[in-house]
Amino acid sequence: MHWTEYLPPLMEGAWVTIQLTVYSTVLGAALAFAAGIGKLSSNWLIKAVSVAYIEVFRGTSLLVQLFWLYFALPIAGMAIGIDLRLPPVAAGVLALSLNIGAYGAEVVRGAIQSVHQDQHEAARALNFTPRQTLWNITIPQAIPEMMPSFGNLAVQNLKDTALVSLISLGDLAFRAEQIRNYTQDSTTIYSMLLVTYFGMALVLTAIMRSLEAYVGRWRTARS
Amino acid sequence: MTDDPIIKFDSVVKRFGDLTVLDELNFEVKKGEKVSIIGPSGSGKSTVLRILMTLEEINGGMVTVGGEPLWHEKAADGSLKPASEAHLRKMRVQLGMVFQQFNLFPHMTVLRNITEAPTKVLGLSKAEAKERAEELLELVGLADQASKYPHQLSGGQQQRVGIARALAMRPNVLLFDEPTSALDPELVGEVLNVIGKLAEEHDLTMLLVTHEMRFAREISDRVCFFDQGRIREEGAPEDLFTDPNEERTREFLKAVLD
Amino acid sequence: MLFGYEWDLSSPLAFAISILPILLTGMLVTIQATVLGFLVALVLGLVWAVLKGAPSRFIAWPAKVVTEFIRDTPLLVQLFFLYYVLPEYGIVLPAFMTGALALGIQYSAYTSEVYRAGLEAVGSDQREAARALNLSSARTFTHIIVPQAVPRIVPAMGNYLVSIMKDVPVLSVVTVLEMLNVAKIVGDRTFDYLVPLSMVGALYLIMTLVASTGVRLLDTWLPKQGIPLK
C-alpha cells in the first residue's frame, strides 16, 4: 500500500477527532465556568459540589475516568436498576469535558479573583447587584485573563482525544492503529499520525490566539 | 441650600484592626452644600466618603442620609438592626462617587461606562440612557470620545468620564475622593474645571476630599480640617484658610501651601 | 487469580479487600514509571533548555521546533511510535522502559520551559551586578543564578511530576501492568469493573494528594528568603 492510500481513512478519523475536540472543549468550558464560579459561591452546598468535582477530576487520571464511565458506570447503573450504558462517543466526550472542565475551573476562578477590587467598588457605588457585577463587570474582564490558559487546555484536550481510541471510538489514533494492524507499516503511519496531530494543534492554537485577541480587544496597549 | 442636613454622622467610630480611623466623628452636610474635607493623609478623610458609599462598614455610632439611617434599618419591633443588602441598595440610590483611580470599566466604551448602570440598575431604556449620557459627555467636554475605550483616553479625560458616569445615576449627593490625586499636574485643571462648573450650576450636594487647597477655597461653602479621625476645625473657606483658630490647622496649611 | 492473589466475590467489600494487594502491585509499577519518566524529563528538558538558549540560531531554532512538536502531539501516539518503530531500527526495549521513555520525552517539552522561565526570571541586572563584582561566570551561575532559579523551578517541576503520575495509565496500551491495567484485567475476569476501577480512582486521589503535599513541603523547606517569586 502506498502512503497516500492511508490518507482517506486517516482524514475520516481526523474529522472524528475534530468533532470530539470541539464538543468536549465547549462542554468543558461550560463546566469550567460553572465550577469556577461555584467555587467562589457563598452558598456552601454549591461551593462544596464545585470543590469536590474539581478535586476528584484533577486528582485522578483521565484514562481512569474514561474507563470508569465506560466500563464501571453501567455496572453501577445495573445495581440501582438504571441503564447507564454509554455509547463510546458519549463516554469519550463526557470524560474529556469533565476532565478539562476541572482544570479550566481553576483557571476561571483565578481569573475572576484577579479582577481588581477597584472594579467591585465602582460597581457597588453604581448600585449593581452582586449578580450583575459578576456577569457585566467581573467575568468580561476575567475572560481575556483566562484565554492563554484556555488555549493550552484546548491543545491538551485535542491530544487527550487520542485516548478515546482505547474504547474503540473511530478517531484519528484508532484509524491509524487499524491501518498499522493491516499493513505493519509502523514508521510511515505513525509519522503521518504525529504530523496530523501537530498540524491540528497549530491550527487550534492559531484559532485560540485570534479568539484571545478578539475578547481582549479593549486591552490593546496604549499607543 | 436649606437647613436640613442631608448627611449626618453621629459619634461614628471606624476601626481597622487596632487603628481607630474615625474617633466618634460628628459631622453634617446640608442639602445643596459644597463641603471640602482637607487634612493630612491617614486622617480618615477618604473613609468618610467610603462609609457613605457603603464601601466600608462602621463600628459604632450612626450615619443618616436624607434623614434615614444608612447602616441601620428598623426591625419589625421598631428597634434598629444592621442594614441588609436590600436597605443599602435602596440608600445607595441617593449617592454617587468619583474615585481617585477613576475605576472606569476597561472593557466598556466611554458611552457604555455611562449607560450601563442606568439601564441595568435604574431600568432606563437604551435610548434614554444614551441621550442622558450624551448630555453628560457634552457637560464634561468629551462629546467626541463616546466610542473610545478608557485606555485610549488621558487620565484627565478618564476622570471626566468618571464624573459623567456618577452623574448619570442622578444622585442627590456626589462624593469626590481625591479626584485629581492620580493625575499628572497638567491634567488637573480640566477636571477641576468640570467640578467647579457642577458646583456653580447645580444644586447637587457635593462632598470633596482634596489636596487642592486653592480649588477647595474657590468652590466650597464650608471647609473641614480633619485630623486623627475627627474634625479639628471647620468654617467658611475665607476664615479657615486666612485665619485658622487651631495651631494644627495652621501648621497643616503652612506645610501644604508653601 | 492475579499475581498469586485470589479474589473473593462474596460481597463488594470482600472483593475490594481481596484485590487491594493486586492493585498495590500495580501501584508500585505506576510509581516506578512516574519516577523514571520524571528523571528522563528532568534531564532531557535541561538539554532542550540549553539548546533553545544557544547563541546560534541553527541550534536554537530546531530545538524549539522539536519541543513544540513533542508538546503538541499526544503521548499515546508518541508511545506507539516508540514501541513499534524503534524495533524496526534494531532498538528493542522492554515495554516498561519504552513507556517511561515516552513519558519523559513528552514532559521534557514542558520541563524545558520551566528551566528557561526559572533562569530568565533571574534578571540581567543580577548578571550585571555579578560582573561588576568581578565574579567568574561559573561562580555567577552557581552562586547567583541557581539559588534564585531553584525556588522558582521546584514547584513547577513538582506539578509535572504529579501530571506524569496521572499519565502513567496510558502505558497500559503497551502491556505495562500499572494500576489501571491491573484493575482492567481484574474487571475483565470478574465482569465487575465498578469495584476495581473505583478503587483505582480512590488510590489515585491518595497518590496525587500525597505527591502534591510532598511538593508543597519541599517548596516551603527551600531557602528563598528575599527572592521575589512573582
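The values are calculated or read from the model by the stated rules, or taken from the named source; none is laboratory data. Model, not experiment: these values are computed from the prediction. Every residue, glycine as well, gets a Cβ built from its backbone with ideal geometry; the counts of neighbours run over all protein chains shown. Accessible surface areas use protein heavy atoms only, side chains included; no ligands, DNA or RNA. Shrake-Rupley method; radii C 1.70, N 1.55, O 1.52, S 1.80 Å.
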Some residue of the range B:24-37 being surrounded by 16 or more Cβ atoms within 10 Å (Cβ to Cβ), within 14 Å of chain A (Cβ to nearest Cβ) and either touching a residue at least 60 places away in the same chain (Cβ under 8 Å) or at negative phi (or both): no
Residue selected from the range A:146-183 under the condition of a type in the set (S, T, N, Q) and in contact with a Phe, Trp or Tyr (Cβ under 9 Å, 6 or more places away or on another chain), by the criterion farthest from A:GLY92 (Cα to Cα): A:THR183
Checking C:VAL47 against (1) farther than 16 Å from C:ALA109 by Cα; (2) surrounded by fewer than 17 Cβ atoms within 10 Å (Cβ to Cβ); (3) among the aliphatic types (A, V, I, L, M), the condition it does not meet: (1)
Residue that is farthest from A:THR205 (Cα to Cα), among those in the range A:147-181 that are free of Cβ contacts under 8 Å to residues at least 40 places away in the same chain and out of contact with any Asp or Glu (no Cβ under 8 Å at 6 or more places or on another chain): A:ASN181
Given (1) within 11 Å of chain C (Cβ to nearest Cβ); (2) closer than 28 Å to A:ASN152 by Cβ, number of the condition A:ALA35 does not satisfy: (1)
Residues within the range C:130-175 that are open to solvent by less than 60 Å² (accessible area, probe 1.4 Å), among the polar types (S, T, N, Q) and at pLDDT 90 or above, tallied: 2
Those helices (runs of 4 or more DSSP H) lying entirely in the range A:58-137 with at least 2 residues at the interface with another protein chain (Cβ under 8 Å from one of its Cβ atoms) and touching a helix residue (DSSP H, G or I) at 6+ places or on another chain (Cβ under 8 Å): A:62-67, A:73-79, A:117-125
Residue among A:VAL108, A:VAL89, A:VAL93, A:VAL115 that is touching a Gly at 6+ places or on another chain (Cβ under 7 Å) and either open to solvent by 10 Å² or more (accessible area, probe 1.4 Å) or under 25 Å from A:ASN152 (Cα atoms) (or both): A:VAL108
Residues that are surrounded by 15 or more Cβ atoms within 10 Å (Cβ to Cβ) and either at pLDDT below 85 or over 17 Å from C:VAL174 (Cα atoms) (or both), drawn from the range A:166-185: A:LEU169, A:GLY170, A:ASP171, A:LEU172, A:ARG175, A:ILE179, A:ASP185
Residue in the range B:116-135 that is out of contact with any Pro (no Cβ under 8 Å at 6 or more places or on another chain), within 13 Å of chain A (Cβ to nearest Cβ) and within 17 Å of B:ALA199 (Cα to Cα) present: no
Unique match (being part of a helix (DSSP H, G or I) and polar (S, T, N, Q)) among A:SER41, A:SER50: A:SER50
Cβ pairs under 6 Å, 6+ apart, first in the range B:231-246 and within 18 Å of B:LEU25 (Cα to Cα), second of a type in the set (Ser, Thr, Tyr): B:GLU233/B:THR249
Subset of the range B:43-86 [more than 25 Å from B:PHE176 (Cβ to Cβ) and in contact with a strand residue (DSSP E or B) (Cβ under 8 Å, 6 or more places away or on another chain)]: B:GLY60, B:HIS72, B:GLU73, B:LYS74, B:ALA75, B:LEU80, B:LYS81, B:PRO82, B:SER84
Number of positions in the range C:114-123 that are open to solvent by 10 Å² or more (accessible area, probe 1.4 Å) and in contact (Cβ under 8 Å) with a residue 24 or more places away in the chain: 6
Test: B:ALA182 is closer than 30 Å to B:GLU33 by Cβ and open to solvent by 30 Å² or more (accessible area, probe 1.4 Å): yes
Residue in the range A:187-199 that is more than 11 Å from every other protein chain (Cβ to nearest Cβ) and either free of Cβ contacts under 8 Å to residues at least 12 places away in the same chain or more than 28 Å from C:GLU88 (Cα to Cα) (or both) present: no
Number of positions in the range A:31-56 that are more than 23 Å from C:ALA211 (Cβ to Cβ) and aromatic (Phe, Trp, Tyr): 2
